[in-house]
Structure formats: structure tokens, C-alpha cells
Ligand SMILES: [Zn+2]
């Protein structure tokens, strides 16, 4: 409670720290401002009492901050990413993406929610608690990478190479949105992500469709015919063995899914009434949590300009992503895609994009989830929603696989954060409640350790 009061008293100062951080661009896709941002947040954390290292990787540096405590038994690892998505056309923003501004109770800037605002809240929460209690009840390690928006290419290697220094009892990542209802939630797992391209191409240029159509194979038809063998209209992937390794939900997970109670009609209304593939609430949540999905992201080829052009195009490209569930792996799924393409359309090339993410899952009955649940309940005066799996992808697997450590996603951002889009924003109150949540997680995690020993 004392720490909550301290946060409330220092609101202006805390908000200013966020605005300063957001004013520095850090676009991993182009490299703009990456080094400068890493230096900035490292210096900020040093000022807050952390011991900080900037560790080089094959890509962007990783910022590692630690606050050790002599009386602590447990260690909390906080993950975040200081890189942001490219802002896109400035004209689509109401205010410039790197000139953060508070409007109607929200901070608008690229990175406000994804992810600077969320991990800064965690850092400030830890620092606020330390200011109040002197010595933290558990050790804290902060890991901030600068490549999440380009696939976290070097994170797993980094974590593997620093296993001892990063050893922790629990990993918490503040990323993604709270529930559309505004309720806080805890995500126990995330789906993986694998992107690939299919390319159908003939060496000759475009051909006359009257002189060559029906005689020379058409790359666009080849690609479309192949795609039709990959996924049906109901979203079921029809490649042999595709979901062989998809682990069915446990009894506990099924009950958590039932409790989510999604209002299907409201979803349809919100989205402007598209055809939903999910039959009911349970099917909706099960599909997002426990089924792999293959999305056709883009399909290009031939002529789509004004008027007509009777042409047999020489090139067609499809871009796709797969969301994987435990125990699928990117390598295995890609191998199955490759052999399917080889068998059905040997002339079509399949190219895997760099930067895939494996799926990750932490059991719902993990004891150390309890301090996190208590922290959210204390701040929001309401029980958090339990999500066995999140539909999106963050690199939790780097920690679950390399550290063997339970990893929870504890998002702070509003559901309409517009991450990756123009006018990205974070509700100011959610920034402050995030700071309080982080402080409470550290306090409760430390208290659990003390209880264990009967102190
Ligand atoms: Zn993002």
C-alpha cells in the first residue's frame, strides 16, 4: 500500500520518464536509433539503482539489468523489447510517432504500448518498491532485447549462452493487450510463428493469353491450385501430419477456456460482421489457444490495373504465416510444408522467412503464478482472467526452453492500443496500474519465499 501511494505521488515524474523514452526512435527493421535507445534505457536503469550490462549479439544489443538483494531467495526475470515497429506514413498519425503526447488520458507514440510503456512500467514498479522497502524481497533481472519486432532472431541463443546469469524462478513479460472488456489477464502460453513464401515463376516474361494460354502452364493457376490443397474454407489445414504434434488441452485448460465466455455476436458486430469460423464461445477460444492456424497474408501476381490485359503472368507469390501450438516445432512444420509442396506442385518454390518463434506453454497449476494473480487482484480489485494460451506470439520459448522457467504474459496495454498501426497509444492509468502491479508481483513473490520457510 505504501508503494501504491508512492506511485500516486510521483505520477508526473513517472509519466515524464515514459515520454522521454518514447521520443527516441528505435526501429529494428531499419536500425534507426537502436544503439541510442539501448544506451538511454541502460543509463535510466543505472540511475534507478540497477547494475546494467549492454551485451552485444549478432544483432541489436541486449540490455541486462539486475537488482540483487542479500535476503532474497527467489529471482524474478522481467522481459521486454526496446525496439518498435516502423511508424508507417506520418500523415496517418494525428501527432508525430516520435513526439509523444498525452491526449484524452492516453499517451500517443510509436512504442507507447508495444513495448516501451509496458516494460518501463515493470522497471519503475521494481524501483518504486525498492525505494519504499529499502531492500527487495526477491532478486530482479531485467532483459530487454532490441529485435522482437523482427523475430527475436538472437534471443534464444543469448539466453542459452547466459543461462547461469539469467537463472530465475519466474519470467514475466508485459506485452500485448488486456482483455477487450478491460479486465487484466495472465497468459500462460503463446502460439509460435513461422512465416514463408510460395513462389511460382516461369523464366520467360509474361505471355499473350491467346497465343499461349492453355498451352503453357500459368503460374497463378499453379499457385492457386496448390493453396487450395493447403487449407480449406473452414480454416482446417489439410497438409498431411500438420497437427500431429498439437497437444490437446488438459482438463484444467479446458475449464479455463469454458470460463472465458466469449460473446460471439458481439465479436461479429465489433468486426463489422465477417463470417466467423468459430461455432460458439468455446470453439472460438479453443481455436485461438489450442489449434494451429495457417494464414494467407498476401497473394500477388499478374495484372490488376485498370481495364483489361489478356496476359499469362510469369510470376505469382503468396506470403503465409503459421501460428503453432505446443508441441509443434517450426522445423517440423516447415519440413511438412516443403514435402507437401514438392509432392503437389514441384515447380513452386517455398522459402522460409528468417525469425521464427516456437510455441511455449506454462502449466496452469504453476505455484508461482499465485503471486502474480494476487498482485493483479490487489491493483485492480478484481480477479484476472486466466488465459491458458494467447493467440499471438512473443518469444517466451527462449525462457521456457533455455531456462526451464515458468513464463507468464502479464499485459498492461488497453485492447485498442493500435500497436503496429498509426496512433499507437497506452492509457495513462494502465501505465500507472502496471507500475503498481510490478511492485506487487515482487512483493508477493518475495513473501511466498518467506512463507515457504515459515518466516
Ligand atoms: Zn509488436
From zero outward in steps of 5 Å, how is the percent of C-alpha pairs of region 1-87 spread across the bins? 3, 12, 18, 20, 20, 14, 8, 4, 1
Could you give P(r) for region 352-455, binned at 10 Å from zero, as whole percent values over all Cα-Cα pairs? 13, 35, 37, 13, 2, 0
For region 106-162, what does the alpha-carbon gyration tensor say about shape, rounded, prolate or oblate, given a ≥ b ≥ c as the root eigenvalues, a/c under 1.5 as rounded, and a/b over b/c as prolate? oblate
How do 340, 208, 245 rank when sorted from fewest to most other Cβ atoms within 10 Å of their own Cβ? 208, 245, 340
Report the gain in length on full extension from residue 208 to residue 232: 0.36 nm times residue separation, minus Cα-Cα distance, nm rounded to one decimal. 5.4 nm
Using Cα centres only, tell me the gap between region 140-219 and region 43-112 in whole Å. 20 Å
Report, please, the projected area of the chain averaged over directions, based on the convex hull of its C-alpha atoms, in nm². 24.1 nm²
Label residue 264 and residue 278 with points 7 Å out from Cα along Cα→Cβ: what is the distance between them in nm? 1.0 nm
What angle, in degrees between 0 and 90 and rounded to the nearest 10, separates the Cα long axis of helix 11-22 from the longest principal axis of the Cα atoms of the chain? 30 degrees
Calculate the FRET efficiency for residue 12 and residue 167 from the Cβ-Cβ distance with a Förster distance of 51 Å, rounded to the nearest 0.05. 0.85
Cα extents of region 205-252 per principal axis, largest first, Å, are 63, 17, 16
Global geometry of region 62-163, whether rounded, prolate or oblate, following the gyration tensor of its Cα atoms and the 1.5 cut on a/c: oblate
Can you sort 441, 230 by how many other beta carbons sit within 10 Å, fewest first? 230, 441
How high is the relative contact order of region 322-361, given as a whole-number percent (alpha carbon pairs under 8 Å, six or more residues apart)? 61 percent
To the nearest 0.05, how large is the calculated FRET efficiency for residue 57 and residue 99 if R₀ is 45 Å and r is the Cβ-Cβ distance? 0.90
According to the square roots a ≥ b ≥ c of the eigenvalues of the Cα gyration tensor, what is the shape class of region 231-335, taking rounded for a/c under 1.5, prolate for a/b larger than b/c otherwise, and oblate for the remainder? oblate
Nearest 10, in degrees from 0 to 90: the angle of helix 369-380 to the longest Cα principal axis of the chain is 80 degrees
How high is the relative contact order of region 283-401? Use alpha-carbon pairs under 8 Å, at least six apart in sequence, and give a whole percent. 26 percent
Against the longest alpha carbon principal axis of the chain, how many degrees, from 0 to 90 and to the nearest 10, is the axis of helix 281-290 turned? 90 degrees
Going 7 Å from the Cα of residue 183 toward and past its Cβ, which residues in region 422-439 have a backbone nitrogen under 19 Å from where you end up? 430, 434
Could you work out the relative contact order of the chain, using alpha carbon pairs under 8 angstrom and six or more residues apart, expressed as a whole percent? 27 percent
Taking the DSSP beta bridges in the chain as the whole, what percent of them are antiparallel, to the nearest 5? 70 percent
Fewest to most Cβ atoms within 10 Å: 181, 356, 281, 295 sort as 181, 295, 281, 356
Rounded to the nearest 0.05, what FRET efficiency is calculated for residue 131 and residue 217 with R0 set to 56 Å and r the Cβ-Cβ distance? 0.20
Which value in deg cm²/dmol, rounded to the nearest 500, describes the helix-derived mean residue ellipticity at 222 nm for the chain, given -39,500 (n - 2.57) per DSSP H run of n ≥ 4 and division by the residue count? -10500 deg cm²/dmol
Residues listed by number, region 157-186, amide nitrogen under 17 Å from residue 401 label point at 7 Å toward C-beta: 157-163
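Bear in mind these aren't lab numbers, they're just calculated from the coordinates by the rules spelled out. The model shown is predicted, which means the values in this text are computed figures rather than measured ones. Cβ coordinates were reconstructed from backbone atoms using ideal geometry, including for glycine residues, and neighbour counts include every protein chain displayed.
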